[in-house]
Amino acid sequence: MPSPSVEARAVRTENVRADVTVAGGGLAGVCAAIAAARQGATVSLIQNRPMLGGNSSSEVRVWVCGATAHGAQQYARETGIMGELWLENQFTNPDGNPYYWDLVVLEAVNAEPNITLYLNTEVLEATAHDDGDHRVIDSLTGWMIGSERRISFTSETFIDCTGDGLVGHLAGAEYRTGRERRGDFNESWAPPGARPPTQGSPHHV
């Protein structure tokens, strides 16, 4: 039995408020966070890995190809924030070192004073309410692995860049899996009837 003098301990908790919360630190999340910050919004950027970049990071190494098609289209270029990242990487990392690419993405985020970055933070919960015909997210709760902190994120705007729609799922958003039938959205290449989810090329009919 513990000594009566030992106080009960609890997990450290924090409440974070920003104008925009971006869940997912892949390239979509990074670009969304930078874009919002440049418009004057304060941003919480949540990433569940120790580095940014998602599939393009040194962990997965799906290299950023874009409009150039790995050089096949010599004069094609990405524009906007993605173009900035690509150009900086070409200048500072001509050998294509994946660890330097991690640094390029991290430095782009750190250059924006309105962004607060939360690495190693897994989104575990979402609270939401119904507002007429819409589902509105009130907060996200994350767990920061290294420092063992439970963090509540509140914002006027939440952007789900998790790659698999985790925030929408936790918030109770309606969704479906598989492939729609041709008549749902008048897509001429879609199958006549709905199909269940399958692995492989989505173009197989």
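Laboratory data are not the source of any read-out in this text; all were calculated from the coordinates shown. Since we're looking at a predicted model, the values are computed, not measured. When we count neighbours, we look across all protein chains shown, and the Cβ atoms used for this are built from the backbone with ideal geometry, even at glycine.
Some observations on this one:
- In order along segment 150-156, the phi-based Karplus estimate (6.51 cos²θ - 1.76 cosθ + 1.60, θ = phi - 60°) of 3J(HN,Hα) comes to 9, 10, 9, 10, 10, 7, 6 Hz; Gly and Pro are listed as x.
- Near the amide H of S57, within less than 5 Å, lie the amide hydrogens of V62, all on another chain or at least 5 residues away, with H placed in the peptide plane.
- Helical contribution to [θ] at 222 nm, DSSP H n ≥ 4, -39,500 (n - 2.57), averaged over the chain, rounded to 500: -6500 deg cm²/dmol
- Of the trypsin sites (Lys or Arg not before Pro) found in segment 1-105, those in coil by DSSP whose Cβ has at most 16 other Cβ atoms within 10 Å are R9, R61, R77.
- Whole-Hz Karplus values for segment 8-13 come out as 5, 10, 9, 5, 5, 10 Hz, taken residue by residue from phi with 6.51 cos²θ - 1.76 cosθ + 1.60 and θ = phi - 60°; glycine and proline positions read x.
- Here the 3J(HN,Hα) profile of segment 21-27, calculated from phi with Karplus coefficients 6.51, -1.76 and 1.60 at θ = phi - 60°, is 10, 10, 9, x, x, x, 5 Hz, Gly and Pro shown as x.
- Scattering profile of the chain at q = 0.11 Å⁻¹ [log10 I(q)/I(0), Debye over alpha-carbon scatterers]: -0.68
- Contact order for the chain, expressed relative to its length and based on alpha carbon pairs under 8 Å spaced 6+ residues apart, stands at 25 percent.
- 14 Å beta-carbon shell around G80, net charge (K/R +1, D/E -1): -1
- Highest-first arrangement of 155-163, 109-117, 22-30, where packing means the average Cβ count within 10 Å: 22-30, 155-163, 109-117
- Placing unit charges on the Cβ atoms only, positive for Lys and Arg and negative for Asp and Glu, gives the chain a dipole magnitude near 420 debye about its Cα centre.
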